[in-house]
Amino acid sequence: MADKKITIKDGQSDNEIDLPVLDSILGPDVVDIRSLEKNLGYLSHDPGFIATSSCESKITFIDGNEGKLWYRGYPIEELAKKSNFLETAYLLLNDKLPNKTELQSFSSDISNGYYVDESVKKIIKVFNKDSHPMAIMSACLSYLSAKYHNEINIQDIEYRYKSTINLISGVPIISAWILNFINGKDFTKPNKSLSIAGNFINMAFSNLNDDQKKLSSRAMDVIFLLHADHEQNASTSTVRLSGSSETSPYAAIAAGISTLWGPTHGGANEAVINMLEEIKNSDKDVEYYIDQAKDKENPFRLMGFGHRIYKNYDPRAKIIQEIAHEYLQKLDSSNPNKPLFDIAMELEKYALEDEYFVSRKLYPNVDFYSGIVLKAIGIPQCMYTVIFALARTVGWVAHWNEMIEDKNFRIGRPRQLYTGKDKTSYKDIEER
Ligand code: SDX
């Protein structure tokens, strides 16, 4: 079949050029605009990258209209039900589900990687106990970028695999140590016989009994799996752009952590609980807050609602809602999470019926229920985005590897629409 293309004509000069169309397996095909400036003298313009494909990727696909998500072609619902975080990490990294031998080998590489340089504890202790844990985590990753700086060899597959294992197995340990620190507890030791989620729970909550640890570990494993990757979101795009300069992967992940921290991205799970707590403690009802969110003059947003891509229910929110239900059924009604969950369900009901939200296709996203489950497990609110970053480290390193292996790998350098001053000359101060 003739190569697919589109033809565009310049209304000013009547010049017209063909631009190739690249086939996608899922989702819209893309127009390759790389020859646009050379052949027609224009750049494309897309603030916020609403309609721009920044790269070719085979890792994750989202159908925003249908509210569907696939990791390497597998539906997230099936993976959440039948797989686990470790096996899904292998899938995201290797584009296949592992057989027994491959899983065993990957699992021992990861558990043998349950080690983080003791100096990281000194970095953590430099901070005040009320410092935000995402700042502490970013600093720990920056420390590791210094520790491994002399080994950097981006094009070497062994170096990339070692960095991948260090990050996937090390970030959960750093996360648990940060939780130990803000709880005023001693730093706990990793246990190689446990899964990533099990080891995190065991290190973070050594006080829980075995049944509580088992329930929390399974819930945490699903939460990690659901948060592992999500196409070219802001923090993944940060890791790609940062990594494109061939900097240390630890430094690129530190950059991703800083981006994820924002309340409109990964910080939303913490903001959702803050919002639910505010509603629970206020004398205003849910309808008052819905009206606040709809008021253009009011900066208040309904945290946990809306998404750049999902114009339907975020499939991850549905799965986490089920976990929240399971968890809260096991808790008696006096549990402080029950009222929060009831408020969340009331907010959701309002928003799914209100014309403002319906017309803008603002549905609950992954962050809407995850905070409730994390709170039920006993994770402090300030740690929720650390949990998100722990899980998303898998997606970040998968994209970092995919980018470097791409035949088009080069430093990213977006262009701009300049609307500043026209060219002028320097004026001495007497003339100004
Ligand atoms: C994550 O990209 C990813 O994949 C992210 C993520 C991942 O896994 O990596 O899925 C994780 O970040 C989930 C999103 C978490 N953030 C929140 O829950 C914060 C609340 N949501 C909003 O900040 C907002 O919905 C965003 C940031 C998520 C999306 O912003 P967009 O795509 O830029 O949408 P927009 O601001 O253009 O909104 C369109 C309209 C606007 O109204 P109008 O100008 O059309 O009148 O919807 C309104 C917005 O004001 N709107 C909201 C709203 N979100 C959008 N109004 C009230 N409450 C909200 N939450």
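Taken together, the values in this text are just the output of simple stated rules run on the coordinates, not laboratory data. Note that the structure is a prediction, hence the values are computed from the model and not measured. We place every Cβ from the backbone using ideal geometry, glycine too, and count neighbours over all the protein chains shown.
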- prompt: Expressed as cubic angstrom per residue, what is the convex hull volume of the alpha carbon set of the chain?
  reply: 225
message: I'd like to compare 36-49, 97-110, 358-371: which one has the highest average count of other Cβ atoms within 10 Å, and what's the full order after that?
response: 358-371, 97-110, 36-49
statement: Cα pairs beyond 12 Å in the range 368-408, in percent, come to 65
- prompt: Which pairs break 31 Å Cα to Cα here: LYS185/LYS214; LYS4/LYS68; LYS294/LYS330; LYS147/LYS214?
  reply: LYS294/LYS330; LYS147/LYS214
query: What list of ³J(HN,Hα) couplings, whole Hz, do you get for the range 147-158 from phi and the Karplus terms 6.51, -1.76, 1.60, once you set θ to phi - 60° and write x for glycine and proline?
result: 4, 9, 4, 6, 8, 3, 8, 3, 7, 8, 5, 5
query: Which percent of Cα pairs goes in each bin when the distances of the range 59-135 are cut into 5 angstrom slices starting at zero?
result: 3, 12, 17, 14, 11, 12, 13, 13, 5, 0
message: Can you list residues from other chains, or at least 5 along the same chain, whose modelled amide H is less than 5 Å from the amide H of ILE6?
response: LEU19, VAL21
statement: Which of ASP210, ASP422, ASP14 fluctuates most in a GNM of the chain (C-alpha springs under 10 Å)? That residue is ASP422
query: What does the charge count near PRO364 come to, summing +1 for each Lys or Arg and -1 for each Asp or Glu among other residues with Cβ under 14 Å from its Cβ?
result: 0
query: Counting every Cα pair in the range 267-424, what percent are over 23 Å apart?
result: 49
- line: At q = 0.10, 0.15, 0.19, 0.25 1/Å the base-10 log of I(q)/I(0) from the Debye formula over the alpha-carbon atoms of the range 335-430 is -0.63, -0.87, -1.01, -1.22
query: Based only on the alpha carbon positions, what is the Kirkwood hydrodynamic radius of the range 1-151, in angstrom?
result: 20.8
ASP422 paired with PHE300, simple spin-label distance in nm, labels 7 Å along Cα-to-beta-carbon: 4.9
Radius 13 Å from Cβ of ASN180, net charge of other residues (Lys, Arg +1; Asp, Glu -1): +4
task: Count the net charge of all other residues whose Cβ sits under 14 Å from the Cβ of ASP211, scoring Lys and Arg as +1 and Asp and Glu as -1.
output: +3
- line: Taking N as the residue count of the range 12-53, its alpha carbon Rg divided by 2.2 N^0.38 Å gives 1.33
field: Table column - 3J(HN,Hα) (Hz), the range 171-188, Karplus curve with 6.51, -1.76, 1.60, x for Gly and Pro
entry: 4, x, 5, 4, 4, 5, 5, 4, 5, 4, 5, 6, 8, x, 9, 5, 5, 8
query: What is the distance, in nm, between label points placed 7 Å from the Cα along the Cα-to-Cβ direction at LYS214 and at GLU16?
result: 7.0
- request: Give the whole-number value, in cubic angstrom per residue, of the convex hull volume spanned by the C-alpha atoms of the range 111-212.
  value: 100
field: Inter-site label distance for LEU36 and ARG413 at 7 Å from Cα along Cβ, in nm
entry: 1.9
- request: Convert each backbone phi in the range 271-288 into a coupling constant with the Karplus relation 6.51 cos²θ - 1.76 cosθ + 1.60 (shift: θ = phi - 60°), then list the ³J(HN,Hα) values in order as whole Hz, x for Gly and Pro.
  value: 5, 5, 5, 4, 5, 5, 4, 4, 5, 4, 8, 8, 8, 8, 9, 4, 4, 4
query: Between GLN381 and ALA146, what FRET efficiency follows from the Cβ-Cβ distance if R0 is 35 Å, with the result rounded to 0.05?
result: 0.70
- prompt: Can you tell me the Rg and Dmax of the range 307-380, counting just the alpha carbons, in angstroms?
  reply: 13.0, 38
message: Between ASN153 and LEU26, what is 0.36 nm times their sequence separation minus the Cα-Cα distance? Round to one decimal in nm.
response: 42.4 nm
field: Cβ-Cβ FRET estimate between ASN128 and SER206, R0 fixed at 35 Å, reported to 0.05
entry: 0.90
